[in-house]
1. Tally up the residues in segment 132-153 that are under 19 Å from residue 183 (Cα atoms) and touching a strand residue (DSSP E or B) at 6+ places or on another chain (Cβ under 6 Å), please.
2. Here is a list: 96, 75, 42, 15. Which entry is touching a strand residue (DSSP E or B) at 6+ places or on another chain (Cβ under 9 Å) and modelled with pLDDT of 95 or more?
3. Tell me, please, whether a residue that is touching a residue at least 12 places away in the same chain (Cβ under 8 Å), surrounded by fewer than 20 Cβ atoms within 10 Å (Cβ to Cβ), at negative phi and in a loop (DSSP other than H, G, I, E, B) can be found in segment 39-54.
4. Would you pick out the residues in segment 101-112 that are without any contact (Cβ under 8 Å) to a residue 60 or more places away in the chain and either part of a helix (DSSP H, G or I) or crowded, with 16+ Cβ neighbours inside 10 Å (or both)?
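The values are calculated or read from the model by the stated rules, or taken from the named source; none is laboratory data. This structure is a prediction, so every number in the text was calculated from the model and none was measured. As a convention, Cβ positions derive from the backbone with ideal geometry for all residues, glycine included, and neighbour counts pool all protein chains shown.
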């Protein structure tokens, strides 16, 4: 590989994940508002609803806080449909939507902080490139990660979701780097690996479970600290 000057990171599933899980968080908070759902069912329904909508791409190229809140409200209603809904849905959703920027609902993967510190010491330009709504900078700030990055680029802010070339080209502009000098690492094959590769960025697939055999081994890692072998 060429000398690396920039690394882009996906956010959820790469740097941190919901804690303990989306299904368990939904179940715990909805229980305060009269619901008694099964967390595993909610987890499955969330994944199905997310896939049916195509993720945040269904928000379109122009968004705002109200539009995003309405989108999430519709998705959460869909998730709870098979569980009988929530008696006080408005109260439940108000708390739920606010809570997902809180530090306690996310867990940073164990190797992340040391990896970011090592890369920073090598003068690597680092950015977050994630399919996320307008709350992404707040989440990153509440997790204490802001100072590790030179920029934070969410899909809602740029008006394009990965794998669109638009979001990766904007990240390249912000980093001041050429594609062949840049690595993008993320945990989804189509959005992260294919998307980055499509604009000439060196793509690395983070496969924490070790099951992505369709990705060449030289472009696949199981822990984020393995990314250091490309630059240190």
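1. From segment 132-153, those under 19 Å from residue 183 (Cα atoms) are 148-153; that's our starting set.
Still in the running and touching a strand residue (DSSP E or B) at 6+ places or on another chain (Cβ under 6 Å): 149-153.
Qualifying residue count for the region: 5.
2. Details: 96 fails: touching a strand residue (DSSP E or B) at 6+ places or on another chain (Cβ under 9 Å); 75 fails: touching a strand residue (DSSP E or B) at 6+ places or on another chain (Cβ under 9 Å); 42 fails: touching a strand residue (DSSP E or B) at 6+ places or on another chain (Cβ under 9 Å).
Only one candidate qualifies: 15.
3. No: segment 39-54 contains no residue that is touching a residue at least 12 places away in the same chain (Cβ under 8 Å), surrounded by fewer than 20 Cβ atoms within 10 Å (Cβ to Cβ), at negative phi and in a loop (DSSP other than H, G, I, E, B).
4. If we filter segment 101-112 for residues that are without any contact (Cβ under 8 Å) to a residue 60 or more places away in the chain, which is where we start, we get 101-103, 110.
Within segment 101-112, 101, 103 qualify.
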